[in-house]
Amino acid sequence: MKFVFTDKKVTLPGYVHAYAEKKVGKLDRYFKTEGEASITFSVEKDRNRAEVTVRSGSMILRASESSSDMRASIDACVSMIERQIRKNKSRLEKRLRTDAFERTVDPSEISDFVPEEEEPEFKVVRTKRFPIKDMTVDEAILQMNLVGHTFFAFKNADMHGAFSVVYKRNDGGYGIIEDDT
């Protein structure tokens with residue numbers, strides 16, 4: 001697995017990066033292709049935050065945790081990603097290695113995993129149809145705000161009618177998702 005470390009507003013010693021590499025590297029056993037892990041460390045209000053994003057093929061897994069200890073934040077991120085994989089095990093079987101869930105682990109390395117839960121079934125409870133109109137990004141943001149939604153789908157007039165989605169970000173800004181075809 002390839003690793004990319006980013007330290008925001010903090011300078012961490014090498015042993016923290018080595019610890020993260022060791023812990024996140026254990027996730028490599030789930031993937032068929034070699035994965036890439038982006039790990040971002042930051043400190044906010046005396047809280048140590050770790051954000052882990054793992055990319056393998058077309059699959060992207062992400063977790064973010066903060067605690068008083070950076071190692072605990074890393075452990076929590078790895079546990080969260082493992083929980084995501086287990087929760088969606090049957091949906092991900094085609095993308096994961098065939099022996100990904102067969103474990104051979106020392107009892108000393110067992111962390112506090114949550115017991116496996118029954119997998120909920122995706123259930124579509126409502127279907128809504130509406131015409132998707134050509135408009136600019138500014139018009140789409142205005143329309144999204146007028147209807148009080150957090151996202152809005154439209155055909156981007158600036159991109160020759162390509163399907164796009166604008167969304168409201170947690171920081172108060174706006175984002176756009178564009179079709180790259």
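Efficiency by 1/(1 + (r/R0)^6): what FRET value for A72 and M1, r their Cβ-Cβ distance, R0 = 35 Å, to the nearest 0.05? Don't jump to the answer; show the numbers that get you there.
Values: r = 22 Å, r/R0 = 0.62.
It comes out at approximately 0.95.
Counting Lys +1, Arg +1, Asp -1, Glu -1, what net charge surrounds K2 among other residues with beta carbon under 12 Å of its beta carbon?
With Lys, Arg at +1 and Asp, Glu at -1, the net is -3.
Can you tell me the length gained on complete extension of the stretch A162 to L12, counting 0.36 nm per residue apart and subtracting the Cα distance?
Details: separation 150, 0.36 × 150 = 54.00 nm, distance 4.33 nm.
Additional length available on full extension: 49.7 nm.
Using the Cβ of T150 as centre and a radius below 11 Å, the other residues enclosed give a net charge of +2, where K and R count +1 and D and E count -1.
Model label points for K22 and S38, set 7 angstrom from Cα along the Cα-to-Cβ axis, are 2.7 nm apart. Here the simple spin-label model places points 7 Å from the Cα toward Cβ, and for R83 and I176 these points are separated by 3.6 nm. For the range 128-141, backbone phi angles converted through the Karplus equation (6.51, -1.76, 1.60; θ = phi - 60°) give residue-by-residue couplings of 10, 10, 7, x, 9, 9, 6, 7, 7, 4, 4, 5, 5, 5 Hz, Gly and Pro being listed as x.
Here is the link list: K32/K123; K9/K168; K45/K128; K8/K168. Which ones come out longer than 32 Å on Cα distance?
On the way: K32/K123 29 Å; K9/K168 26 Å; K45/K128 43 Å; K8/K168 24 Å.
From the list (K32/K123; K9/K168; K45/K128; K8/K168), the Cα-Cα distance tops 32 Å for K45/K128.
Taking amide H as placed 1.01 Å from N in the peptide plane, F31 has its amide H under 5 Å from the amide H of R97, each at least 5 places away in sequence or on another chain. Each Cα pair under 8 Å and six or more residues apart adds its sequence gap; the mean of these over the residue count of the range 2-72 is a relative contact order of 30 percent.
Bear in mind these aren't lab numbers, they're just calculated from the coordinates by the rules spelled out. Quick caveat, the model's predicted, so the values are computed rather than measured. Backbone-built Cβ (ideal geometry, glycine too); neighbour counts: all protein chains shown.
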